[in-house]
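**Q** Could you have a look at this structure, given as structure tokens, before my questions?
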Amino acid sequence: MRIYTLHQPSKSKNAAAEAVPVKEGFSWPGFFFSVIWALWHHLWFWAIAFAVANIVLGWVLARAGGNEFVQSTASLALALIIGWTANDLRRRKLAKQGFKERAVMVANNKETALARYLMVQPAAPAAEFMNRAGGPW
């Protein structure tokens, strides 16, 4: 079981349908495919930062005379840092976009977490019935 935080836009007509689940903890896609992962989640600044960090790290270590083991170890360390912070970066972006953290759910996957969250939400008030003539009768 995994832990998910669910975020909803604070100003929306159908906020429950726009809820975004974000997994707590390590992000394997962020670890293996940091730049692509950031682009997929529209984290443009972080995609550029990850690419530049990888290039600069490799260049600095090559200029300093680091062997392949040192370069690989440093790249692995950078990937681990990105993997541990990736989901937190998503949460930060959602907060800047006006999303509020509404719940913490335990589920096997994000679809189940979202379904459980939507099940406990109060139903939207039914629209008052209006006939074709415009009255409630």
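Just so it is clear, none of the values below were taken in a lab; they were calculated from the coordinates. Since the structure is predicted, the reported quantities are computational estimates derived from the model, not experimental observations. Because the Cβ atoms are built from the backbone with ideal geometry, glycine has one as well, and the counts that use them run over all protein chains shown.
**Q** Which of the peptides 44-56, 61-73, 23-35 is most tightly packed, and how do the rest follow, going by the mean number of other Cβ atoms within 10 Å of each residue?
**A** By packing density, highest mean first, the sequence is 23-35, 44-56, 61-73.
**Q** Return the long-range amide H neighbours of R102 (sequence gap of 5 or more, or a different chain), with a cut-off of under 5 Å between placed amide H atoms.
**A** The list, which skips near neighbours in sequence, is L6, H7, Q8.
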